[in-house]
Amino acid sequence: KTLRVLVVLSLAAVVLGFPYQQLLAVFQKDVFHVGPREYGFMVSSLGAGALIASLVVASFSRLSYKGFPQLLAGIAFGLGLVGFSQAPSFWYALPMLFTTGFMSQSYTTMNSTLMLMNAREEFYGRVASVNMMTRSAMPIVVLPFGAFVDIFGARATVTGAGIALMATILAIGFVRRSLWSSRPIVEHPAT
């Protein structure tokens, strides 16, 4: 049961959270009205946040429970998307992109870790494959995102996606309250 929930949490981030990355050029040109150099700053801010998150989450290796921090990171990921999409200026968008990169990487890293912690050792390969397979949905989801941008605009589309991501994570956390507990949620610890 826990593995199924973790796969849904992974898919939620892929479907609702990550397509904004393909829309950065739209924000650069049509929202902030800046050039290619500033687009590079946007992508670099996002990457710097993700890199630092990887180092921070790696330092949590002794933390036996990651469900609660993962849910908090997912909610902060959604808030970061809303903050970025509603940024009044390009310079305000950069720290929001850093935060979004940090929180999205934290969320996905903890999700992948929890998947493996909840799988028996002989199923590690299959669980990792399913986890990677969820990411293949992102190029498919970009198509409706592009259509939503044409209809509603880039700001409204990414804001709606951030709110939907937060609502999904909160709903899953409410249904599976064991994810919020301070105890490990591991059902089948690896030997």
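For the reader, a short list of remarks on this structure follows.
- Relative contact order of the chain, taken over Cα pairs closer than 8 Å and 6 or more residues apart, is 37 percent.
- When you count the other C-beta atoms within 10 angstrom of each residue and take the mean per peptide, 170-176, 110-116 line up highest first as 110-116, 170-176.
- Protein heavy-atom accessible surface, 1.4 Å probe, per residue over the stretch 1-132: 46 Å².
- Accessible-area order (highest first, 1.4 angstrom probe) of the listed residues TYR92, TYR20: TYR92, TYR20
- Net length gained if the chain between ALA137 and HIS33 were fully extended (0.36 nm per residue, minus Cα distance): 34.4 nm
- Distance from the Cα centroid of the stretch 77-115 to that of the stretch 1-54 is 7 Å (rounded to whole angstrom).
- At R0 = 30 Å, FRET efficiency that the Cβ-Cβ distance of SER44 and ALA171 yields, to 0.05: 0.35
- Å³ per residue enclosed by the Cα convex hull of the chain: 109
- Report note on the peptides 146-158, 121-133, 41-53, 93-105: ranked by the mean count of other C-beta atoms within 10 Å, highest first, their order is 93-105, 41-53, 146-158, 121-133.
The values are calculated or read from the model by the stated rules, or taken from the named source; none is laboratory data. Predicted, not measured: the structure shown is a model, and the values here were computed from it. No Cβ is skipped: glycine too gets one built from the backbone with ideal geometry, and neighbour counts run over all protein chains shown. Ligands, DNA and RNA are stripped out before the accessible areas are found, and what is left, the full protein with its side chains, is counted by its heavy atoms. Shrake-Rupley method; radii C 1.70, N 1.55, O 1.52, S 1.80 Å.
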